[in-house]
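Take a look at the structure below.
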Amino acid sequence: MMTSGAYRAPRGYNVNDTSNAEALMKMIGFQPNSTADIQDAKGQALNMVGQNRMRSMEIAEHWAQGLAAGDMAMVGEARAWRDDWNEKNPTTPIRVNMPGVIRRVQAMRQDAVLRTQKSAPAALKQTVRRELAETRSE
């Protein structure tokens with residue numbers, strides 16, 4: 001911190017500029033307030049993003065399950081969950097990505113072997129296809 005003039009995260013990313021006094025505090029084991037404030041704010045923001053992302057995935061998954069099963073009540077329930085979230089969290093609304101929901105429905109209708117083949121990296125697709133073909137012929 002003294003030589004670079006900045007506090008860096010473990011992967012080398014710059015967190016904030018620091019003074020020599022702050023570098024000295026860090027050397028003896030204290031987190032400087034300037035860095036602590038940034039890390040706290042970052043943690044809260046990441047928590048908010050994670051909660052939003054997790055709830056959005058739950059809603060999209062429920063929506064897709066309803067469409068795959070032809071259960072419009074489930075679809076309505078997913079819409080109600082989305083609307084409820086958006087009403088309670090107007091600054092962080094959830095928008096359901098319908099092309100993503102359709103891809104989930106299509107994946108739900110495929111068998112496990114085909115889903116596994118499609119999810120394999122290009123370099124491994126042929127090997128995965130061969131391995132899975134062997135399990136089908138047994």
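Test Arg55 against the stated conditions and say whether it is in contact (Cβ under 8 Å) with a residue 12 or more places away in the chain, in a helix (DSSP H, G or I), over 21 Å from Met108 (Cα atoms) and of a type in the set (D, E, K, R).
Working: in contact (Cβ under 8 Å) with a residue 12 or more places away in the chain: yes; in a helix (DSSP H, G or I): yes; over 21 Å from Met108 (Cα atoms): no; of a type in the set (D, E, K, R): yes.
Considered against the rule, which asks whether it is in contact (Cβ under 8 Å) with a residue 12 or more places away in the chain, in a helix (DSSP H, G or I), over 21 Å from Met108 (Cα atoms) and of a type in the set (D, E, K, R), Arg55 comes out as no.
For segment 37-52, give me each residue that is without any contact (Cβ under 8 Å) to a residue 24 or more places away in the chain and either within 30 Å of Asp84 (Cα to Cα) or exposed (fewer than 12 other Cβ atoms within 10 Å of the Cβ) (or both). Steps first, answer last, please.
Of all residues in segment 37-52, those without any contact (Cβ under 8 Å) to a residue 24 or more places away in the chain come to 37-38, 40-47, 49-51.
Scanning segment 37-52 gives Asp40, Ala41, Lys42, Gly43, Gln44, Ala45, Leu46, Asn47, Val49, Gly50, Gln51.
No other residue among Thr91, Thr116 is hydroxyl-bearing (Ser, Thr, Tyr), under 23 Å from the mean Cα position of the chain (by Cα) and surrounded by 11 or more Cβ atoms within 10 Å (Cβ to Cβ) apart from Thr116. Can you name every residue in segment 4-23 that is part of a loop (DSSP other than H, G, I, E, B) and not small (Gly, Ala, Ser)? Matches in segment 4-23: Pro10, Arg11, Tyr13, Thr18.
Within segment 1-36, the set of residues being among the basic types (Lys, Arg), surrounded by 13 or more Cβ atoms within 10 Å (Cβ to Cβ) and within 25 Å of the chain's Cα centre (by Cα) comprises just one member, Arg8. A count restricted to segment 84-98 and to residues that are among the hydrophobic types (A, V, I, L, M, F, W, C) and not in a helix (DSSP H, G or I) stands at 2. Summed over segment 39-53, the residues that are basic (Lys, Arg) and within 15 Å of the chain's Cα centre (by Cα) give a count of 1. Cβ separations smaller than 9 Å between residues 6+ apart or across chains give the following pairs from segment 1-27 residues that are under 19 Å from Ala41 (Cα atoms) to residues that are of a type in the set (Asp, Glu) and not in a helix (DSSP H, G or I): Ala6/Asp17; Tyr7/Asp17. Residue pairs whose Cβ atoms lie under 7 Å apart, separated by 6 or more positions or on different chains, with the first residue in segment 110-122 and under 17 Å from Gln65 (Cβ atoms) and the second part of a helix (DSSP H, G or I), are Arg115/Ala107.
Touching a helix residue (DSSP H, G or I) at 6+ places or on another chain (Cβ under 9 Å) and outside any helix (DSSP H, G or I), is that true of Val75? Considered against the rule, which asks whether it is touching a helix residue (DSSP H, G or I) at 6+ places or on another chain (Cβ under 9 Å) and outside any helix (DSSP H, G or I), Val75 comes out as no.
Just so you know, all these numbers are worked out from the coordinates, no wet-lab data involved. Keep in mind that this is a model prediction, so the values were computed, not measured. Methodologically, a virtual Cβ is constructed for each residue, glycine included, from the backbone with ideal geometry; neighbour enumeration extends over all protein chains shown.
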